[in-house]
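Every number here is computed from the coordinates shown, using simple stated rules; none is lab data. Quick caveat, the model's predicted, so the values are computed rather than measured. All Cβ positions, even for glycine, are placed from backbone atoms using ideal geometry, and neighbour counts span all protein chains on display.
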Amino acid sequence: MEILEVVFSVTFYSDGGKSIYRELGELNRDTFKDYIPKQEGIEEAVHFFLAKGCIVEARSEVGITVSCEKEIFEEIFTTEIVYNRIKYIKDFDKYIYENKKEIIIPKELKQIERIILPKQSFELESKETQRPDLNYRHLNVPEDIAAIANAGTLHDNGYFGQGIRVIMIDTGLYEHQYYKEKCISFNRIGAVNSFLVDKDERGHGTAMSSVLLSIAPKCDYTLVKSCNKINSYPIPALQKAVGLVPDVINCSWGIIGYEPQIYLEIANAVSKNIIMVYSSGNGSSDRKNAFFQSIAYPDIISVGGCFVNTNMELELSDISSGYKSELFDERCVPDLCGICGKMPKAQLILMPTQPGCIFDVSNGKRDGTGQEDGWMVSSGTSAAAAYVTGLIALYLQLHPDIDRRNLKGVLRSHCNPINKGINYMGYPAETDWNNCSCGSGFLTAKNFGI
């Protein structure tokens with residue numbers, strides 16, 4: 001495939017001497033200040049790239065993301081770039097930039113530690129039809145999700161997440177008829193300027209948004225589109241999201257390959273008291289050499305998966321990741337659990353998506369929906385994280401003055417124990433704040449208070 005544009009992110013040398021490439025395991029809320037670069041160094045780099053005809057797509061206090069024509073990139077960094085398909089993904093095409101020659105950073109950019117060619121994220125035109133009738137047990141949005149979350153009493157008293165700024169970083173948000181009928185409003189922005197924000201070519205973000213908005217339908221909601229059909233840019237998506245200064249950011253995805261800059265951007269968000277929610281993964285972990293990597297940064301809320309049967313009994317999902325972090329000492333995930341199906345495909349929640357998108361087609365082959373009808377049945381820890389993020393929005397509306405550094409501990413106290421089931425890694429259900437199965441248990445709003 002021909003390259004017309006190269007998107008790249010930049011890591012700067014820190015003012016405090018710490019490097020995410022040497023000392024990532026020491027990065028946390030308290031040490032973050034030692035990893036922050038000099039802001040004048042970032043400004044100098046911005047001016048340099050603009051003068052070369054580049055576009056600064058996104059920036060934060062710890063990095064920038066830039067785009068330019070392939071020829072400009074190769075001239076600046078004395079290299080050669082190719083575009084290759086990732087071989088091990090069968091369902092659809094994902095491409096990555098690769099440099100055939102070493103990237104040489106110009107001497108005038110001495111403040112730059114590394115140039116990053118983006119890693120892909122993974123998730124964890126037709127007209128949509130009416131919601132399909134399925135002949136097996138499944139959950140519908142919004143009513144079944146709200147009921148399982150015990151959000152009904154809060155909704156009855158007028159609490160729907162109003163005033164809480166929530167961002168989901170995901171594949172996009174298609175304006176499905178479902179959202180129009182429910183009178184749900186939202187905003188959309190792209191991680192990079194070339195993305196079409198009214199499209200969701202993969203379909204994951206449209207579906208997961210419906211879970212979150214089942215619980216907090218009137219939150220101030222924005223979808224930051226991190227990818228299109230073949231490219232994804234999670235670093236500028238994080239930079240854009242943090243720049244909007246939300247209350248909480250939902251990330252129902254992981255990274256294909258090891259990428260330290262992601263953690264630095266997350267640490268920057270946490271330093272601003274933004275609550276970061278990540279899926280624990282559907283069988284992935286944060287081992288450096290793993291192909292699919294989930295995020296276990298200590299100051300995020302990591303969400304595992306819990307299945308809820310017709311009798312409201314809880315069972316740890318066998319698709320949910322739980323593990324001891326390889327990157328951060330004494331860090332175990334998940335912290336708590338949200339709603340999730342079970343193996344093999346976690347088919348549990350009927351959700352809207354973009355008609356004919358990748359997820360609509362692939363799920364439609366097995367879940368009883370059509371392949372171009374704009375509906376899919378799925379879940380995974382992606383849905384679990386969205387579920388928990390919706391509950392966090394309600395909690396923040398109820399308790400706006402809470403010290404957000406303590407929020408994770410408070411949420412743990414509102415979890416129901418899970419005593420049945422085994423997760424993907426083989427850990428049996430054991431409700432404890434620091435284990436590798438289900439954390440503190442299944443979160444609901446039952447005791448949030450009015």
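In what sequence do Leu244, Leu173 fall when counting other Cβ within 10 Å, fewest first? Intermediate values should be presented prior to the final figure.
Numbers: Leu244 15, Leu173 27.
Lowest count first: Leu244, Leu173.
Kirkwood Rh, Cα Rg: Rg to Rh for the stretch 1-54? Taking Rh as the inverse mean 1/r over Cα pairs, Rg/Rh reads 1.12.
Among bridges DSSP assigns within the chain, what percent are antiparallel (round to 5)? Spell out each step's value before the answer.
On the way: 38 of 68 bridges.
Antiparallel bridges: around 55 percent, rounded to the nearest 5.
The label point for Arg137 and the one for Val46, both projected 7 Å from the Cα toward the Cβ, are 5.5 nm apart. Where does the Debye-calculated log10 I(q)/I(0) of the stretch 276-393 sit at q = 0.12, 0.17, 0.22 Å⁻¹, using only Cα point scatterers of equal weight, no solvent? These q points yield log10 I(q)/I(0) values of -0.46, -0.85, -1.16.
What is the dipole size for the stretch 139-443, taken about its Cα centre, with +1 at each Lys and Arg Cβ and -1 at each Asp and Glu Cβ, in debye to the nearest 20?
Working: 24 positive and 30 negative charges, 82 e Å.
Dipole about the Cα centre, nearest 20: 400 debye.
Database remark: amide H of Ile164 closer than 5 angstrom to the amide H of Asp220 (H placed geometrically; neighbours at sequence offset of 5 or more, or on other chains; Pro and chain starts carry no H).
Considering only DSSP beta bridges whose two residues both sit in the stretch 293-450, what percent are antiparallel, to the nearest 5?
Numbers: 12 of 18 bridges.
About 65 percent, rounded to the nearest 5.
Of interest is the spacing of the C-alpha centroids, which for the stretch 166-242 and the stretch 310-325 amounts to 26 Å. Among the listed pairs Lys218/Lys420; Lys70/Lys101; Lys70/Lys119, those with a Cα-Cα distance over 25 Å are Lys218/Lys420.
Taking the simple approach of a point 7 Å from Cα along Cα-to-Cβ for both Leu4 and Lys420, what is their distance in nm? Here the modelled spin labels are 5.4 nm apart. For the stretch 160-165, backbone phi angles converted through the Karplus equation (6.51, -1.76, 1.60; θ = phi - 60°) give residue-by-residue couplings of 10, x, 4, x, 9, 8 Hz, Gly and Pro being listed as x. Take 131-139, 217-225, 43-51 and order them by the average number of nearby Cβ atoms within 10 Å per residue, most first; the result is 217-225, 43-51, 131-139. Among Tyr179, Tyr13, Tyr174, the ranking by other beta carbons within 10 Å of each residue's beta carbon, starting with the fewest, stands as Tyr13, Tyr179, Tyr174. Just the Cα atoms of the chain, one point each, no solvent: what log10 I(q)/I(0) does Debye give at q = 0.08 Å⁻¹? Log10 I(q)/I(0), no solvent term: -0.42.
At 4 °C and 1.567 mPa s, grab the translational diffusion coefficient of the stretch 326-450 from Stokes-Einstein with a Kirkwood Rh over Cα pairs, rounded to a whole number in µm² per second. Don't jump to the answer; show the numbers that get you there.
Working: Rh = 16.3 Å.
Answer from the Stokes-Einstein relation: 80 µm²/s.
At q = 0.15, 0.19 Å⁻¹, work out log10 I(q)/I(0) for the stretch 5-117 with the Debye formula, treating every Cα as an identical point scatterer and leaving solvent out; two decimals please. Values, matching the q order: -0.73, -1.03. Sorting the segments 142-153, 198-209, 254-265 by their residues' average number of neighbouring beta-carbon atoms within 10 angstrom, most packed first, yields 198-209, 254-265, 142-153.
Using the 10 angstrom Cβ neighbour count as an exposure proxy, how do Val7, Val388, Val82, Val242 rank, fewest first? Present the calculation step by step, with values, prior to reporting the outcome.
Numbers: Val7 23, Val388 32, Val82 12, Val242 26.
Starting with the residue having the fewest Cβ neighbours, the order is Val82, Val7, Val242, Val388.
With θ taken as phi - 60° and the Karplus curve 6.51 cos²θ - 1.76 cosθ + 1.60 applied, the whole-hertz 3J(HN,Hα) list for the stretch 226-234 is 9, 7, 10, 5, 10, 10, 9, 9, x Hz, x standing for glycine and proline. Taking amide H positions as modeled 1.01 Å from N, with prolines and chain starts lacking one, the residues under 5 Å from Leu348 and 5 or more places away or on another chain are Ser378, Ser379.
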